[in-house]
Amino acid sequence: SAKKLMSEVTNKNSDIQLQVVLENSNECCSPSSNELSQPIIDLEQNRDQNISFGCVRLNEYLQNHVKLGNTIIDFGSGPGHDLFMAARIVGKEGKAIGIDFTDVMIDEAKSVANQAGLTQVELVKASIDDVPLPNNTADFIISNCVINLAFNKQKVFDEAFRLLKPGGMLIDTDVISD
């Protein structure tokens, strides 16, 4: 059944991401060094070195488009690397909202956000095709190699369109064939 498959995907995804963090393994779309196990709070000094489970370093895109006071949603925020980078750019005047469907990643991201004093970060446990946020919430939505994992990609894009403010932008790094 779809529910059983989703549960298996969730468990496997959590296991892989946790293994990457703890063992510094070389999984697809992850760093090959021990950077993940290090604190990622000092984003300002190491912008070019920041890593994520995604396939693309989003810092240049975020710096070129996101402004102080914006609201950004990160689809599949994982442990928060891209989300925290966005949070620094939007500042305390803005909001950075991470969406992830695994408890492990939500807990990890909350812990790091609290340690870093990133009060503009909010984390929501949800599937990216059914986000419990109001219409017209975000100026930007980022997805770094996550939409391609969704069962119903059209539903994800419909959800992104619903969540974006008029004139908002989806920054998607996925290769999608469906």
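The values are calculated or read from the model by the stated rules, or taken from the named source; none is laboratory data. What you see is a predicted model; the values in this text were computed from it and never measured. All Cβ positions, even for glycine, are placed from backbone atoms using ideal geometry, and neighbour counts span all protein chains on display. To get the accessible areas, we keep the full protein, side chains included, count just its heavy atoms, and leave off ligands, DNA and RNA. Shrake-Rupley method; radii C 1.70, N 1.55, O 1.52, S 1.80 Å.
Of note:
- A search for C-beta distances below 7 Å between a residue of region 109-131 that is within 23 Å of residue 149 (Cβ to Cβ) and assigned to a loop (DSSP other than H, G, I, E, B) and any residue that is open to solvent by 30 Å² or more (accessible area, probe 1.4 Å) and of a type outside the set (Val, Ile, Thr), counting only pairs 6+ apart in sequence or on different chains, returns 126/101; 126/132; 129/152; 129/155.
- Number of the exception - residue 61 against (1) open to solvent by 20 Å² or more (accessible area, probe 1.4 Å); (2) under 17 Å from residue 172 (Cβ atoms); (3) part of a strand (DSSP E or B): (3)
- Qualifying positions in region 63-105 - touching a Phe, Trp or Tyr at 6+ places or on another chain (Cβ under 8 Å), under 18 Å from residue 116 (Cβ atoms), of a type outside the set (Val, Ile, Thr) and touching a residue at least 60 places away in the same chain (Cβ under 8 Å): 78, 79
- Scan of region 86-129 for residues that are under 15 Å from the mean Cα position of the chain (by Cα), of a type in the set (D, E, K, R) and open to solvent by 20 Å² or more (accessible area, probe 1.4 Å), ordered by number: 88, 95, 103, 107, 108, 110, 122, 125, 129
- Tally of residues being open to solvent by 30 Å² or more (accessible area, probe 1.4 Å), in contact with a helix residue (DSSP H, G or I) (Cβ under 7 Å, 6 or more places away or on another chain), among the charged types (D, E, K, R) and not in a strand (DSSP E or B) across region 132-178: 1
- The set of residues in region 146-162 that are of a type outside the set (S, T, N, Q) and either more than 15 Å from the chain's Cα centre (by Cα) or closer than 19 Å to residue 63 by Cα (or both) comprises 151, 153, 155, 157, 158, 159, 161, 162.
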